[in-house]
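Asks: Pasting a structure below so you can have a look.
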Amino acid sequence: MASVGIKDVAARAGVSVATVSRVLNAHASVSPAARARVLDAVAELGYRPNTLARSLRTDQTRTLGLVISDVLNPYFTELARSVEEEARALGYSIIFGNADERPEVQDHHIRTLLDRRIDGLLVSPADGGSALVLDAARAGTPMVFVDRWIPGADVPVVRADGRGAVRDLVAHLYALGHRRLAIIAGPAATTTGSERVEAFRDALAEYGLDLPAAYVGQGDFQAASGRRATERFLDLPTPPDVVFAADNLMALGALDAVRARGLRVPHDIALAAFDDIPWFVHTDPPITAIAQPTGELGRAAVRALADRIEGRTPQSVTLPARLVVRRSCGEAAPPEAPTEAPTEETPAGRSTP
Ligand code: HPA
C-alpha cells in the first residue's frame, strides 16, 4: 500500500493540509472540533509525519544533544532522565552521548551531533572540556553547560552550589567531635572536582581546622579510586576520623576499603558523600550525603537551552544543594533542622516536581 500522506489525512478529516499541519505542530489556532477530526484521521490512517522532510523545510530537527561525562554515575543517570522528560514536554527529542570521562569520546559525540544538525547541545564537560566544545559555542551552536562547566566560555551554566551544604556538613562533623577530616577529591581539571575541595577547605578553615596534603586523596569520580584513597588514609600514622568523598561512587569505594580492613563506619571512621543516591538509604549504615536538586537542574538546563534556541538570552542558574544527615558520621542529631526536612524515604535531589 502506498504510504499515507498529509493530503490523505486532510481529505479524511475534511480540512485543509494547512490545518493538519497546524494540528501536528501544536498551533493554538485550530478549533477543538477540527483538531479532534484530524487526530482521529491520523489514528485511523496510521499517518506518520516525515520529520526529515519537515527538518529540511524548517531547518530545525527538534532534537537536542546531551553529552554527559559518565552515564554509570547515578547522579548523571538521574540528570539524563529529567533532561529527557523536560525536552519531551517541550517537543524535543534527545540524542544522548556518554563521554565516559574521556574528552576524545566527548568530542566524537559532539561532532556526530553537530553533523546531525541538532538544534542545541547540553554538555557536562569531561575532564576540562575541549577546544571543540568551545569552538562549537563560539560558532553559534546553542549550548548550555550542566553541572560541570568550562570557565571563561560564553555559555550559560546550570549547576548546584554545594558550598552552604559543605559548610553544614563540616558543622555536623565538628559537633560530633571529629577534628581530622579528609577528602577524596575528583579530578582538579573538572569544576566539580576543584570546587568541592575548595568548599571543604574553606569550611574547615571556618572551624580553625587544616586540610593537610595527606588528607587530600586524589580520585577520579570512580569507585576504585575511592577505595585506593581510603586505603592510603588508613595506612597513615594518624588516619583521619572522617572521609568525605566528592562523589557517590568514590564513597562506595571508601566504604568497601573500610570494611575490607574489618573496620566499621562510623565507629572507627566516619563517611560522608557529595551527591545523594537512592541506595544510600539502604547501605549499612545509611550514608550522610550532600543532595543536589538533580531533577530540577536537568529541567532548568533544558529550559535554558530551549530559550537560547528560540532566540531568548538565558541566564545561568545556580540552585543550592543541601545536607541530608543519616548515620554514617555518628548518631547525634543534625546541628539545626534543614528548611525542607529530608526523610530517608525520599532521598534529596530526586525529582519531585
Ligand atoms: N562527577 C561525579 N559526580 C558528580 C559530578 C561530577 O562532576 N557532579 C555531580 N555529581
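Asks: Cβ under 12 Å from Ala300's Cβ, Ala300 left aside: what net charge do those residues give with Lys, Arg +1 and Asp, Glu -1?
Replies: -1
Asks: At R0 = 22 Å, how high is the FRET efficiency between Asp161 and Phe96 if r is their beta carbon distance? Nearest 0.05 is fine.
Replies: FRET efficiency, Asp161 to Phe96: 0.25.
Asks: Further question on the same structure: Efficiency by 1/(1 + (r/R0)^6): what FRET value for Arg57 and Arg261, r their Cβ-Cβ distance, R0 = 45 Å, to the nearest 0.05?
Replies: 0.10
Asks: So, one more: Compute the Rg/Rh shape ratio of region 201-256: radius of gyration over Kirkwood radius, all on alpha-carbon atoms.
Replies: On the Cα set of region 201-256, Rg over Rh gives 0.98.
Asks: Among Gly186, Pro142, Gly46, flag the residue with its Cα farthest along the positive direction of the charge dipole of the chain, charges on Cβ as +1 for Lys/Arg and -1 for Asp/Glu.
Replies: Working it through, the farthest residue towards the positive pole turns out to be Gly46.
Asks: Please give the net charge around Ala245, taking every other residue with its beta carbon less than 11 angstrom from that of Ala245, where Lys and Arg add +1 and Asp and Glu add -1.
Replies: Neighbourhood net charge equals 0.
Asks: Over region 6-49, what relative contact order in percent results from Cα pairs under 8 Å that are six or more residues apart?
Replies: 44 percent
Asks: In what order do Ser3, Ser16 fall by count of nearby beta-carbon atoms within 10 Å, going from fewest to most?
Replies: In order of increasing Cβ crowding within 10 Å: Ser3, Ser16.
Asks: Listed highest first by mean packing, meaning other Cβ atoms within 10 Å per residue, what order do 53-61, 223-231, 156-164, 142-150 come in?
Replies: The most tightly packed comes first, giving 142-150, 223-231, 156-164, 53-61.
Asks: Follow-up. For the ranges 263-271, 23-31, what's the packing order if you count other beta-carbon atoms within 10 Å of each residue, average per peptide, and put the highest first?
Replies: With the highest mean Cβ count within 10 Å placed first, the list reads 263-271, 23-31.
Asks: Something else now. How would region 161-292 be classified by its alpha-carbon gyration tensor: rounded, prolate or oblate, with rounded meaning a/c under 1.5 and the a/b versus b/c comparison settling the rest?
Replies: Rounded.
Asks: Using Cα pairs under 8 angstrom and six or more residues apart, how large is the relative contact order of the chain, in percent?
Replies: Contact order relative to length: 16 percent.
Asks: What number comes out for the charge environment of Pro187, summing +1 per Lys or Arg and -1 per Asp or Glu over other residues with Cβ under 13 Å away?
Replies: Around Pro187, the charge tally is -3.
Asks: Under a point-charge model restricted to the Cβ atoms of Lys and Arg (+1) and Asp and Glu (-1), what is the dipole moment magnitude of the chain relative to its Cα centre, in debye to the nearest 20?
Replies: Approximately 1180 debye in magnitude.
Asks: Hey, in the GNM for the chain with a 10 angstrom Cα cutoff, which one of Asp168, Asp256, Asp235 fluctuates hardest?
Replies: Sorting by GNM fluctuation, first place goes to Asp235.
Asks: Which FRET efficiency value, to the nearest 0.05, is calculated for Asp115 and Arg81 with the Förster distance at 22 angstrom and r the Cβ-Cβ distance?
Replies: Efficiency at R0 = 22 Å is approximately 0.25.
Asks: Each residue of region 144-156 in order: what ³J(HN,Hα) in whole Hz does its phi give by Karplus 6.51 cos²θ - 1.76 cosθ + 1.60, θ = phi - 60°, with x for Gly and Pro?
Replies: 9, 8, 10, 6, 8, 8, 10, x, x, 6, 8, 9, x
Asks: Of all alpha-carbon pairs in the chain, indicate the percentage at a distance above 28 angstrom.
Replies: Counting every Cα pair in the chain, those more than 28 Å apart make up 50 percent.
Asks: Give me the three principal axis extents of region 6-49 from the C-alpha atoms, as integers in angstrom, largest value leading.
Replies: Sorted largest first, the three principal extents are 23, 18, 15 Å.
Asks: Continuing with the same structure: When the helix-only estimate is applied to the chain (DSSP H runs of n ≥ 4, each -39,500 (n - 2.57), divided by the residue count), what is the mean residue ellipticity at 222 nm, nearest 500 deg cm²/dmol?
Replies: Estimated from H runs of four or more residues: -13000 deg cm²/dmol.
Asks: Looking at the chain, send over the antiparallel percent of its DSSP beta bridges, to the nearest 5.
Replies: 10 percent
Asks: Let me ask another. Run the quick spin-label model on Ala26 and Ala131: label points 7 Å from Cα toward the beta carbon, then report their separation in nm to one decimal.
Replies: Using points 7 Å along Cα→Cβ, the separation is 4.0 nm.
Here, each number is a calculation from the coordinates, and none is a lab measurement. A quick note: this is a predicted structure, and the numbers were derived from the prediction, not measured. Please note: Cβ atoms are built from the backbone with ideal geometry, for glycine as well, and neighbour counts cover all protein chains shown.
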